[in-house]
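The values are calculated or read from the model by the stated rules, or taken from the named source; none is laboratory data. Predicted, not measured: the structure shown is a model, and the values here were computed from it. Here Cβ is always computed from backbone atoms with ideal geometry, including for glycine, and neighbour counts include all displayed protein chains.
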Amino acid sequence: MRKKVQYLVREGQEGKDEVKLAQILSECFDPATPRQVRRWLRQAKKHSAGWSRIFVGEVDGEVVSNVSVELKELHLGEGVYVKTGGIGGVCTCSDYRRKGIMTNLLQQCLVYVRNSGVSNSSLYTGLTLPAHRIYQRFGFCDIETWPVYIRVFDFDYVFQTWIRGLNRHLKFSKIARRTLQNWNRSVVFELGDVGVQSFRFKHGSFQRLSKPPKSADIVIATSVETLFRIMWGAIKFEAAIKKEKMQVKKGSETDLQMLKKILIRIWDE
């Protein structure tokens, strides 16, 4: 029997959904705790003078999707600001995606902003995220991209931190765990003057290898710059190969697609 989705609109309140909202936000973004969610609710209520709202989708009384909106100021130029309905926290539990829940919540969110007398709504998101297609259908247009400039001095430390971050992400992301299930592979990055870095995914976790394995499943030759550009979405995985910024020395097409998901941490198709 299909579970009925009920959409509720309410002002952000403490003591109601912090635990479930923390779980959903942790799966979609960086790890969040109920305490952090409670603090965000307090700040939103204080700064928005009661204007803020949390739009949630529920299935059998359980929160599975979330969109929040706050009254913010959009900077249009020197000394020029306009009020905007700032949308954030757009996320759905991976068990309930592709069911139209987020589409319905965004629709209600935009109606609320329009009826509140605000002239526009804005949000910030990555252009490579699958949800970007939903935003475009609602009339949002891309007006700016955020450049990130990185100068690496100690890539060994950066690589270790990246591996720890992947394992922390796995702890909260059900869709990542499902995607990586039964995928046991080793990966080697040949990074020119920086040297070689390698990792293995085994027993449900990422393990940095002190030495590259004798027979790796995937071997990639590239530069630190290109690797970072892929991770941050400045260049697509396929484009790096096509432009000869990255050379695949070994690896099946299926394994390369999985490596791409690992690098950009986007598990939806």
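Within segment 93-111, the set of residues being of a type in the set (A, V, I, L, M, F, W, C) and part of a helix (DSSP H, G or I) comprises 101, 102, 105, 106, 109, 110, 111. Scanning segment 119-133 for residues that are in contact with a Phe, Trp or Tyr (Cβ under 9 Å, 6 or more places away or on another chain) and of a type in the set (Val, Ile, Thr) turns up just one, 125. The conditions of being surrounded by fewer than 17 Cβ atoms within 10 Å (Cβ to Cβ), modelled with pLDDT of 95 or more and of a type outside the set (Ser, Thr, Tyr) are not met by residue 244.
Tell me the residue from 79, 89, 50, 15 that is at positive phi and surrounded by 12 or more Cβ atoms within 10 Å (Cβ to Cβ), please. Every option except 89 fails the conditions. Restricting attention to segment 87-104, the residues that are among the charged types (D, E, K, R) and closer than 17 Å to residue 20 by Cβ total 2.
When the criteria are applied in full, residue 144 meets the requirement of being among the charged types (D, E, K, R), at pLDDT below 90 and under 19 Å from the mean Cα position of the chain (by Cα).
Filter segment 209-228 for residues that are surrounded by fewer than 17 Cβ atoms within 10 Å (Cβ to Cβ) and over 17 Å from residue 247 (Cα atoms) and give the result. Selection gives 209, 210, 211, 213, 214, 215.
Here is a check on your reading of the model: is residue 151 of a type in the set (Lys, Arg), at negative phi and part of a helix (DSSP H, G or I)? The answer is no for residue 151.
Total residues in segment 49-93 satisfying the condition of being farther than 21 Å from residue 118 by Cβ and at pLDDT 90 or above: the figure is 5.
Tell me yes or no: at least one residue of segment 108-116 is in contact with a helix residue (DSSP H, G or I) (Cβ under 9 Å, 6 or more places away or on another chain), touching a residue at least 24 places away in the same chain (Cβ under 8 Å) and not assigned by TED's automatic domain parsing to the domain that holds residue 177. Scanning segment 108-116, I find no residue that is in contact with a helix residue (DSSP H, G or I) (Cβ under 9 Å, 6 or more places away or on another chain), touching a residue at least 24 places away in the same chain (Cβ under 8 Å) and not assigned by TED's automatic domain parsing to the domain that holds residue 177, so the answer is no. Scanning segment 183-203 for residues that are surrounded by fewer than 17 Cβ atoms within 10 Å (Cβ to Cβ) and not hydrophobic (A, V, I, L, M, F, W, C) yields 184, 192, 193, 195, 202, 203. For segment 113-131, a tally of residues being within 21 Å of residue 21 (Cα to Cα) and either assigned to a helix (DSSP H, G or I) or among the hydrophobic types (A, V, I, L, M, F, W, C) (or both) returns 3.
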